[in-house]
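The values are calculated or read from the model by the stated rules, or taken from the named source; none is laboratory data. The model shown is predicted, which means the values in this text are computed figures rather than measured ones. All Cβ positions, even for glycine, are placed from backbone atoms using ideal geometry, and neighbour counts span all protein chains on display. Note: accessible area is taken over every heavy atom of the protein model, side chains too, but ligands, DNA and RNA are not part of it. Shrake-Rupley method; radii C 1.70, N 1.55, O 1.52, S 1.80 Å.
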Amino acid sequence: MEFIAVLAGLLLATQIVAHLCRRVEIPEVIGQILVGIIAGPAVLDWVHLNSMMNEFQEIGVIILMFIAGLESDLSLLRKYLKPAVVVALLGVIVPIVIMGPVSYMFGFTKLESLFIGVIFATTSVSISVAVLREFNRLDSREGATVLGAAVADDIIGVILLSVMISVINGSSNSGHGNGQPLGIVLLMQLVFFGGTYLLIRWLAPYLIHMSDRLLTVASTSVMAMIICLGMAAIADYVGLSGAVGSFFAGIAVANTKHKEVVDRSFIPIGYAMFIPLFFVSVGLNMRFDNIGESFVFVIVMTILACLTKLLGCGAGAKLSGFSMPSSYIVGSGMIARGEMGLITAQIGYEAHLLSPMYYSDVITVIIIATVLAPFILKNALKRSANELE
(Lines give C-alpha, C1' and ligand atoms only; values in the text may rest on other atoms or scores of the structure.)
Protein backbone atom coordinates (compact mmCIF):
# COMPACT_ATOMS: atom_id res chain seq x y z
CA MET A 1 0.00 0.00 0.00
CA GLU A 2 2.96 2.32 0.51
CA PHE A 3 3.80 2.02 -3.19
CA ILE A 4 0.18 2.74 -4.11
CA ALA A 5 0.23 5.91 -1.99
CA VAL A 6 3.48 7.04 -3.65
CA LEU A 7 1.95 6.23 -7.05
CA ALA A 8 -1.11 8.37 -6.30
CA GLY A 9 1.06 11.25 -5.12
CA LEU A 10 3.31 11.13 -8.19
CA LEU A 11 0.37 11.01 -10.59
CA LEU A 12 -1.26 13.98 -8.84
CA ALA A 13 1.99 15.94 -8.99
CA THR A 14 2.50 15.14 -12.69
CA GLN A 15 -1.02 16.31 -13.52
CA ILE A 16 -0.58 19.64 -11.74
CA VAL A 17 2.88 20.32 -13.14
CA ALA A 18 1.93 19.21 -16.67
CA HIS A 19 -1.06 21.58 -16.56
CA LEU A 20 1.16 24.48 -15.49
CA CYS A 21 3.68 23.64 -18.23
CA ARG A 22 0.97 23.73 -20.87
CA ARG A 23 -0.21 27.10 -19.58
CA VAL A 24 3.25 28.56 -20.26
CA GLU A 25 3.67 26.56 -23.49
CA ILE A 26 6.41 24.22 -22.22
CA PRO A 27 6.22 20.50 -23.12
CA GLU A 28 4.45 18.67 -20.32
CA VAL A 29 7.02 15.84 -20.32
CA ILE A 30 9.54 18.34 -18.95
CA GLY A 31 7.24 18.97 -15.99
CA GLN A 32 6.90 15.24 -15.39
CA ILE A 33 10.68 14.82 -15.41
CA LEU A 34 10.90 17.76 -12.99
CA VAL A 35 8.59 15.92 -10.58
CA GLY A 36 11.02 13.00 -10.58
CA ILE A 37 14.03 15.28 -10.08
CA ILE A 38 12.44 17.10 -7.12
CA ALA A 39 10.93 14.01 -5.44
CA GLY A 40 13.97 11.82 -6.14
CA PRO A 41 17.56 11.61 -4.87
CA ALA A 42 18.64 14.72 -6.79
CA VAL A 43 16.67 17.10 -4.49
CA LEU A 44 14.28 15.93 -1.74
CA ASP A 45 15.21 12.22 -1.75
CA TRP A 46 11.61 11.18 -0.97
CA VAL A 47 11.07 8.64 -3.76
CA HIS A 48 13.43 6.00 -5.11
CA LEU A 49 13.21 3.63 -8.04
CA ASN A 50 12.23 0.13 -6.94
CA SER A 51 11.25 -3.06 -8.74
CA MET A 52 7.58 -2.04 -8.97
CA MET A 53 8.39 1.42 -10.33
CA ASN A 54 10.78 -0.12 -12.86
CA GLU A 55 8.08 -2.48 -14.12
CA PHE A 56 5.58 0.37 -14.49
CA GLN A 57 8.02 2.65 -16.30
CA GLU A 58 9.05 -0.18 -18.65
CA ILE A 59 5.40 -0.71 -19.59
CA GLY A 60 5.23 3.06 -20.11
CA VAL A 61 8.11 2.92 -22.61
CA ILE A 62 6.49 0.01 -24.46
CA ILE A 63 3.11 1.76 -24.73
CA LEU A 64 4.68 5.10 -25.65
CA MET A 65 6.69 3.49 -28.46
CA PHE A 66 3.59 1.61 -29.63
CA ILE A 67 1.70 4.90 -29.85
CA ALA A 68 4.67 6.44 -31.73
CA GLY A 69 4.49 3.61 -34.25
CA LEU A 70 0.71 3.84 -34.41
CA GLU A 71 0.88 7.55 -35.22
CA SER A 72 3.62 7.14 -37.86
CA ASP A 73 1.79 8.08 -41.04
CA LEU A 74 3.42 5.88 -43.69
CA SER A 75 1.14 7.28 -46.40
CA LEU A 76 2.56 10.75 -45.70
CA LEU A 77 6.07 9.32 -45.89
CA ARG A 78 5.26 7.73 -49.26
CA LYS A 79 3.75 10.97 -50.58
CA TYR A 80 6.82 13.05 -49.73
CA LEU A 81 9.27 10.15 -49.88
CA LYS A 82 12.25 11.82 -51.56
CA PRO A 83 12.49 15.04 -49.49
CA ALA A 84 11.48 13.24 -46.28
CA VAL A 85 14.14 10.53 -46.65
CA VAL A 86 16.87 13.03 -47.65
CA VAL A 87 15.99 15.28 -44.69
CA ALA A 88 15.85 12.32 -42.30
CA LEU A 89 19.14 10.81 -43.49
CA LEU A 90 21.11 14.04 -43.17
CA GLY A 91 19.31 14.73 -39.88
CA VAL A 92 20.64 11.38 -38.58
CA ILE A 93 24.12 11.43 -40.13
CA VAL A 94 25.14 14.98 -39.12
CA PRO A 95 24.47 14.59 -35.34
CA ILE A 96 26.26 11.23 -35.27
CA VAL A 97 29.26 12.51 -37.24
CA ILE A 98 29.60 15.72 -35.18
CA MET A 99 28.24 14.99 -31.70
CA GLY A 100 29.85 11.56 -31.45
CA PRO A 101 33.45 12.80 -31.91
CA VAL A 102 32.81 15.88 -29.72
CA SER A 103 31.59 13.55 -26.94
CA TYR A 104 34.77 11.52 -27.35
CA MET A 105 36.80 14.72 -26.92
CA PHE A 106 35.01 15.24 -23.58
CA GLY A 107 36.29 11.87 -22.33
CA PHE A 108 33.48 9.49 -23.28
CA THR A 109 34.36 6.01 -24.52
CA LYS A 110 34.00 5.27 -28.24
CA LEU A 111 30.82 3.25 -27.64
CA GLU A 112 29.28 5.95 -25.43
CA SER A 113 30.21 8.64 -27.96
CA LEU A 114 28.55 6.71 -30.78
CA PHE A 115 25.46 6.18 -28.66
CA ILE A 116 25.23 9.89 -27.80
CA GLY A 117 25.26 10.57 -31.54
CA VAL A 118 22.37 8.10 -31.95
CA ILE A 119 20.42 9.77 -29.11
CA PHE A 120 20.64 13.17 -30.79
CA ALA A 121 19.85 11.70 -34.20
CA THR A 122 16.26 11.24 -33.00
CA THR A 123 13.44 13.73 -33.54
CA SER A 124 10.14 14.35 -31.77
CA VAL A 125 7.82 16.56 -33.79
CA SER A 126 4.86 16.70 -31.40
CA ILE A 127 5.97 20.19 -30.32
CA SER A 128 6.70 21.27 -33.90
CA VAL A 129 3.25 20.08 -34.97
CA ALA A 130 1.63 22.41 -32.42
CA VAL A 131 3.69 25.38 -33.68
CA LEU A 132 3.04 24.57 -37.36
CA ARG A 133 -0.68 24.28 -36.63
CA GLU A 134 -0.64 27.64 -34.85
CA PHE A 135 0.81 29.28 -37.99
CA ASN A 136 -1.50 27.29 -40.33
CA ARG A 137 1.52 25.63 -41.97
CA LEU A 138 0.93 22.03 -40.91
CA ASP A 139 -0.58 21.10 -44.29
CA SER A 140 2.08 23.01 -46.24
CA ARG A 141 4.88 21.28 -48.14
CA GLU A 142 7.28 22.16 -45.33
CA GLY A 143 4.94 20.79 -42.65
CA ALA A 144 4.28 17.57 -44.55
CA THR A 145 8.01 17.07 -45.14
CA VAL A 146 8.75 17.54 -41.43
CA LEU A 147 6.11 14.94 -40.54
CA GLY A 148 7.29 12.50 -43.20
CA ALA A 149 10.95 12.97 -42.23
CA ALA A 150 10.04 12.37 -38.58
CA VAL A 151 8.54 8.98 -39.51
CA ALA A 152 11.70 8.02 -41.43
CA ASP A 153 13.85 9.45 -38.62
CA ASP A 154 12.08 7.30 -36.02
CA ILE A 155 12.48 4.13 -38.08
CA ILE A 156 16.18 4.81 -38.75
CA GLY A 157 16.76 5.68 -35.08
CA VAL A 158 15.05 2.51 -33.85
CA ILE A 159 17.13 0.38 -36.24
CA LEU A 160 20.38 2.07 -35.10
CA LEU A 161 19.41 1.56 -31.46
CA SER A 162 18.64 -2.11 -32.23
CA VAL A 163 22.08 -2.58 -33.80
CA MET A 164 23.87 -0.99 -30.83
CA ILE A 165 21.97 -3.06 -28.27
CA SER A 166 22.67 -6.19 -30.35
CA VAL A 167 26.39 -5.45 -30.34
CA ILE A 168 26.61 -4.71 -26.61
CA ASN A 169 24.44 -7.71 -25.67
CA GLY A 170 26.33 -9.98 -28.02
CA SER A 171 29.75 -8.88 -26.83
CA SER A 172 28.84 -9.13 -23.14
CA ASN A 173 26.53 -12.16 -23.51
CA SER A 174 24.44 -10.58 -20.73
CA GLY A 175 21.56 -13.01 -20.93
CA HIS A 176 19.67 -11.44 -23.79
CA GLY A 177 19.04 -13.51 -26.86
CA ASN A 178 18.46 -16.52 -24.58
CA GLY A 179 22.19 -16.63 -23.78
CA GLN A 180 23.08 -17.68 -27.33
CA PRO A 181 26.34 -16.84 -29.17
CA LEU A 182 26.42 -13.54 -31.08
CA GLY A 183 26.04 -15.21 -34.49
CA ILE A 184 22.87 -17.02 -33.40
CA VAL A 185 21.49 -13.85 -31.81
CA LEU A 186 22.03 -11.86 -35.02
CA LEU A 187 20.31 -14.62 -37.02
CA MET A 188 17.37 -14.52 -34.60
CA GLN A 189 17.17 -10.75 -35.02
CA LEU A 190 17.14 -11.06 -38.82
CA VAL A 191 14.27 -13.53 -38.46
CA PHE A 192 12.57 -11.04 -36.11
CA PHE A 193 12.72 -8.22 -38.68
CA GLY A 194 11.53 -10.61 -41.40
CA GLY A 195 8.63 -11.56 -39.17
CA THR A 196 7.97 -7.85 -38.55
CA TYR A 197 7.36 -7.38 -42.28
CA LEU A 198 4.90 -10.29 -42.28
CA LEU A 199 3.19 -8.81 -39.22
CA ILE A 200 2.79 -5.40 -40.86
CA ARG A 201 1.71 -6.81 -44.21
CA TRP A 202 -0.64 -9.65 -43.27
CA LEU A 203 -0.69 -10.94 -39.67
CA ALA A 204 -1.74 -7.80 -37.77
CA PRO A 205 -4.61 -6.93 -40.19
CA TYR A 206 -5.82 -10.55 -39.93
CA LEU A 207 -5.67 -10.64 -36.12
CA ILE A 208 -7.40 -7.26 -35.76
CA HIS A 209 -10.08 -8.37 -38.23
CA MET A 210 -10.63 -11.62 -36.30
CA SER A 211 -10.95 -9.69 -33.03
CA ASP A 212 -14.11 -8.09 -34.42
CA ARG A 213 -15.81 -11.50 -34.17
CA LEU A 214 -15.04 -11.94 -30.48
CA LEU A 215 -17.98 -11.33 -28.14
CA THR A 216 -15.84 -9.50 -25.59
CA VAL A 217 -15.52 -5.92 -24.40
CA ALA A 218 -12.96 -3.81 -26.31
CA SER A 219 -11.82 -6.87 -28.26
CA THR A 220 -9.97 -4.82 -30.90
CA SER A 221 -7.99 -2.87 -28.30
CA VAL A 222 -7.19 -6.05 -26.37
CA MET A 223 -5.89 -7.70 -29.54
CA ALA A 224 -3.77 -4.62 -30.25
CA MET A 225 -2.37 -4.87 -26.71
CA ILE A 226 -1.57 -8.56 -27.31
CA ILE A 227 0.33 -7.64 -30.49
CA CYS A 228 2.13 -4.80 -28.67
CA LEU A 229 3.23 -6.84 -25.65
CA GLY A 230 3.92 -9.94 -27.73
CA MET A 231 6.25 -8.08 -30.08
CA ALA A 232 7.95 -6.41 -27.11
CA ALA A 233 8.56 -9.80 -25.47
CA ILE A 234 9.88 -11.35 -28.70
CA ALA A 235 12.20 -8.37 -29.31
CA ASP A 236 13.60 -8.72 -25.80
CA TYR A 237 14.05 -12.47 -26.29
CA VAL A 238 16.20 -11.98 -29.41
CA GLY A 239 18.40 -9.42 -27.67
CA LEU A 240 16.70 -6.18 -28.71
CA SER A 241 14.80 -3.69 -26.57
CA GLY A 242 11.12 -4.42 -25.95
CA ALA A 243 10.43 -0.84 -27.06
CA VAL A 244 11.75 -1.71 -30.53
CA GLY A 245 9.22 -4.52 -30.84
CA SER A 246 6.32 -2.37 -29.64
CA PHE A 247 7.26 0.41 -32.10
CA PHE A 248 6.97 -1.93 -35.07
CA ALA A 249 3.81 -3.42 -33.55
CA GLY A 250 2.34 0.10 -33.61
CA ILE A 251 3.27 0.48 -37.29
CA ALA A 252 1.63 -2.89 -37.98
CA VAL A 253 -1.65 -1.96 -36.26
CA ALA A 254 -1.59 1.44 -38.00
CA ASN A 255 -1.78 -0.53 -41.24
CA THR A 256 -5.30 -1.71 -40.35
CA LYS A 257 -8.69 -0.02 -40.60
CA HIS A 258 -8.99 0.05 -36.79
CA LYS A 259 -6.06 2.42 -36.27
CA GLU A 260 -8.19 5.26 -34.87
CA VAL A 261 -10.10 2.97 -32.49
CA VAL A 262 -6.88 1.55 -31.07
CA ASP A 263 -5.30 5.01 -30.85
CA ARG A 264 -8.26 6.35 -28.85
CA SER A 265 -8.03 3.46 -26.39
CA PHE A 266 -4.25 3.34 -25.95
CA ILE A 267 -3.81 7.04 -25.22
CA PRO A 268 -5.86 6.92 -21.97
CA ILE A 269 -4.32 3.56 -21.01
CA GLY A 270 -0.80 4.94 -21.40
CA TYR A 271 -1.22 8.51 -20.21
CA ALA A 272 -3.39 7.66 -17.20
CA MET A 273 -0.49 5.98 -15.43
CA PHE A 274 2.38 4.28 -17.23
CA ILE A 275 3.76 7.02 -19.50
CA PRO A 276 3.88 9.74 -16.79
CA LEU A 277 5.71 7.28 -14.54
CA PHE A 278 8.27 6.66 -17.27
CA PHE A 279 9.11 10.37 -17.43
CA VAL A 280 9.12 10.59 -13.62
CA SER A 281 11.60 7.69 -13.55
CA VAL A 282 13.87 9.65 -15.91
CA GLY A 283 13.97 12.38 -13.26
CA LEU A 284 14.48 9.85 -10.47
CA ASN A 285 17.62 8.58 -12.25
CA MET A 286 19.16 12.04 -12.47
CA ARG A 287 21.94 13.36 -10.23
CA PHE A 288 23.60 16.78 -10.12
CA ASP A 289 26.68 15.95 -8.06
CA ASN A 290 29.05 16.90 -10.90
CA ILE A 291 27.01 19.67 -12.52
CA GLY A 292 29.87 22.17 -12.15
CA GLU A 293 32.29 19.90 -13.97
CA SER A 294 29.83 19.12 -16.78
CA PHE A 295 28.59 22.70 -17.34
CA VAL A 296 30.75 23.26 -20.43
CA PHE A 297 29.72 19.88 -21.85
CA VAL A 298 26.01 20.70 -21.45
CA ILE A 299 26.36 24.12 -23.11
CA VAL A 300 28.44 22.83 -26.04
CA MET A 301 26.22 19.80 -26.65
CA THR A 302 23.03 21.90 -26.44
CA ILE A 303 24.36 24.24 -29.14
CA LEU A 304 25.37 21.26 -31.29
CA ALA A 305 22.03 19.52 -30.67
CA CYS A 306 20.26 22.52 -32.21
CA LEU A 307 22.76 23.22 -35.00
CA THR A 308 23.20 19.64 -36.23
CA LYS A 309 19.49 19.19 -36.88
CA LEU A 310 19.00 22.72 -38.15
CA LEU A 311 21.87 22.50 -40.62
CA GLY A 312 21.59 18.79 -41.45
CA CYS A 313 17.84 18.70 -42.07
CA GLY A 314 17.92 22.18 -43.59
CA ALA A 315 20.59 21.03 -46.06
CA GLY A 316 18.46 18.01 -46.88
CA ALA A 317 15.49 20.26 -47.62
CA LYS A 318 17.67 22.54 -49.77
CA LEU A 319 18.95 19.56 -51.76
CA SER A 320 15.32 18.53 -52.29
CA GLY A 321 14.46 21.83 -53.95
CA PHE A 322 13.21 23.93 -51.04
CA SER A 323 14.02 27.65 -50.81
CA MET A 324 16.25 28.93 -48.00
CA PRO A 325 13.31 30.15 -45.83
CA SER A 326 11.52 26.81 -46.33
CA SER A 327 14.72 24.89 -45.56
CA TYR A 328 15.04 26.92 -42.34
CA ILE A 329 11.49 25.88 -41.38
CA VAL A 330 12.18 22.19 -42.08
CA GLY A 331 15.49 22.25 -40.20
CA SER A 332 14.06 24.03 -37.16
CA GLY A 333 11.03 21.72 -37.17
CA MET A 334 13.32 18.72 -36.61
CA ILE A 335 15.33 20.09 -33.65
CA ALA A 336 13.17 18.87 -30.74
CA ARG A 337 14.25 15.49 -29.33
CA GLY A 338 11.45 15.28 -26.76
CA GLU A 339 10.17 11.85 -25.80
CA MET A 340 12.06 10.02 -28.57
CA GLY A 341 15.41 11.29 -27.30
CA LEU A 342 14.44 10.51 -23.70
CA ILE A 343 13.29 6.99 -24.60
CA THR A 344 16.50 6.31 -26.53
CA ALA A 345 18.63 7.61 -23.65
CA GLN A 346 16.72 5.53 -21.10
CA ILE A 347 16.90 2.33 -23.16
CA GLY A 348 20.62 2.83 -23.71
CA TYR A 349 21.16 3.59 -20.02
CA GLU A 350 19.46 0.32 -19.07
CA ALA A 351 21.50 -1.53 -21.72
CA HIS A 352 24.75 -0.03 -20.29
CA LEU A 353 25.43 2.01 -23.42
CA LEU A 354 25.59 5.15 -21.25
CA SER A 355 27.19 5.30 -17.81
CA PRO A 356 25.26 6.74 -14.81
CA MET A 357 27.93 9.45 -14.49
CA TYR A 358 26.83 11.11 -17.75
CA TYR A 359 23.13 10.20 -17.81
CA SER A 360 21.93 13.42 -16.14
CA ASP A 361 24.04 15.58 -18.46
CA VAL A 362 22.60 13.99 -21.59
CA ILE A 363 19.01 14.28 -20.29
CA THR A 364 19.64 17.95 -19.46
CA VAL A 365 20.81 18.62 -23.03
CA ILE A 366 17.71 16.87 -24.44
CA ILE A 367 15.44 18.98 -22.24
CA ILE A 368 17.09 22.31 -23.07
CA ALA A 369 17.16 21.58 -26.82
CA THR A 370 13.48 20.58 -26.70
CA VAL A 371 12.55 23.82 -24.90
CA LEU A 372 14.50 25.92 -27.42
CA ALA A 373 13.09 24.14 -30.50
CA PRO A 374 9.63 25.84 -30.69
CA PHE A 375 11.19 29.31 -30.36
CA ILE A 376 13.58 28.61 -33.25
CA LEU A 377 10.70 27.23 -35.37
CA LYS A 378 8.53 30.27 -34.62
CA ASN A 379 11.38 32.53 -35.73
CA ALA A 380 11.67 30.57 -38.99
CA LEU A 381 7.93 30.78 -39.65
CA LYS A 382 7.82 34.52 -38.92
CA ARG A 383 10.77 35.22 -41.21
CA SER A 384 9.14 33.18 -43.96
CA ALA A 385 5.86 35.09 -43.54
CA ASN A 386 7.68 38.43 -43.67
CA GLU A 387 9.44 37.48 -46.91
CA LEU A 388 6.14 36.42 -48.49
CA GLU A 389 4.73 39.87 -47.69
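Hey, how many Å between the Cα centroid of region 203-274 and the Cα centroid of region 1-64?
Each part reduced to its Cα centre gives a spacing of 25 Å.
Karplus couplings for region 91-104 from phi (6.51 cos²θ - 1.76 cosθ + 1.60, θ = phi - 60°), rounded to Hz, Gly and Pro as x?
x, 8, 5, 4, x, 5, 5, 9, 6, x, x, 5, 4, 4
What whole-number value in Å² describes the accessible area per residue of region 323-387 for a 1.4 Å probe?
32
Suppose the chain between His352 and Val97 were pulled fully straight at 0.36 nm per residue; how much longer would it get relative to their current alpha carbon spacing?
Between His352 and Val97, full extension yields 89.6 nm more.
Give me the number: length gained by fully extending Val261 to Lys382, i.e. 0.36 nm times residue separation minus the C-alpha to C-alpha distance, one decimal in nm.
Extra length available between Val261 and Lys382 comes to 39.9 nm.
Using the Kirkwood radius over C-alpha pairs as Rh, can you work out the diffusion coefficient of region 246-316 via Stokes-Einstein at 25 °C, viscosity 0.890 mPa s, in µm² per second?
Estimated via Stokes-Einstein, D reaches 151 µm²/s.
Quote the FRET efficiency, to the nearest 0.05, computed for Met105 versus Glu25 with a Förster distance R0 of 41 Å and r equal to the Cβ-Cβ distance.
0.70
Given a 1.4 angstrom probe, what's the average accessible area per residue across region 251-317, in square angstrom?
Result: 42 Å² of accessible area for each residue.
With N set to the number of residues, divide the alpha-carbon radius of gyration of region 56-104 by 2.2 N^0.38 Å and report two decimals.
Region 56-104 yields a ratio of 1.59.
Could you tell me, in Å, what Rg and Dmax come out for the Cα atoms of region 273-372?
Cα only, region 273-372: 15.6, 48 Å (Rg, Dmax).
Residue farthest toward the positive end of the dipole of the chain, with Cβ of Lys/Arg at +1 and Asp/Glu at -1: which of Ser126, Val222, Leu284?
Checked the options; the winner is Ser126.
Once you wrap a convex hull around the alpha carbon atoms of the chain, what is its projected area averaged over all directions, in nm²?
19.7
Considering Cα pairs under 8 angstrom that are at least six residues apart, work out the relative contact order of the chain and quote it in whole percent.
RCO, the chain: 29 percent.
Please give the charge dipole size of the chain, origin at the Cα centre, charges +1 on K and R Cβ atoms and -1 on D and E Cβ atoms. Round to the nearest 20 debye.
1040
What's log10 of I(q)/I(0) for region 29-182 at q = 0.13, 0.19 Å⁻¹, Debye sum over Cα points only, no solvent?
-0.86, -1.28
Please report the accessible area of Val167 (heavy atoms, 1.4 Å probe, ligands and nucleic acids excluded) in Å², nearest 10.
Roughly 80 Å² of Val167 is accessible to a 1.4 Å probe.
Using +1 at the Cβ of each Lys and Arg and -1 at the Cβ of each Asp and Glu in region 247-389, identify which of Gly312, Val298, Thr364 lies farthest towards the dipole's positive end.
My answer, from the dipole projection, is Gly312.
Starting from the 7 Å offset along Cα-to-Cβ, what nm value, one decimal, do you get for the label separation of Asp45 and Ala5?
2.0
For the cross-link pairs Lys79/Lys257; Lys110/Lys382; Lys110/Lys318; Lys79/Lys110; Lys82/Lys110; Lys82/Lys259, which exceed 29 Å when the distance is taken from alpha carbon to alpha carbon?
Lys110/Lys382; Lys110/Lys318; Lys79/Lys110; Lys82/Lys110
Taking K and R as +1 and D and E as -1, what net charge do the other residues with C-beta under 14 Å from the C-beta of Phe266 add up to?
Overall, the nearby charge balance is -1.
What size of dipole, in debye to the nearest 20, comes out for region 19-105 about its Cα centre when the only charges are +1 on Lys and Arg C-beta atoms and -1 on Asp and Glu C-beta atoms?
460
Under the 0.36 nm per residue contour assumption, what length would be gained going from the current alpha-carbon distance of Ile269 and Met52 to full extension?
Full extension from Ile269 to Met52 adds 76.3 nm.
State the answer as a single residue: which of Ala233, Ser72, Gln346 lies farthest towards the positive end of the charge dipole of the chain, with beta carbon charges of +1 for Lys and Arg and -1 for Asp and Glu, about the Cα centre.
So the residue furthest toward the plus end is Ser72.
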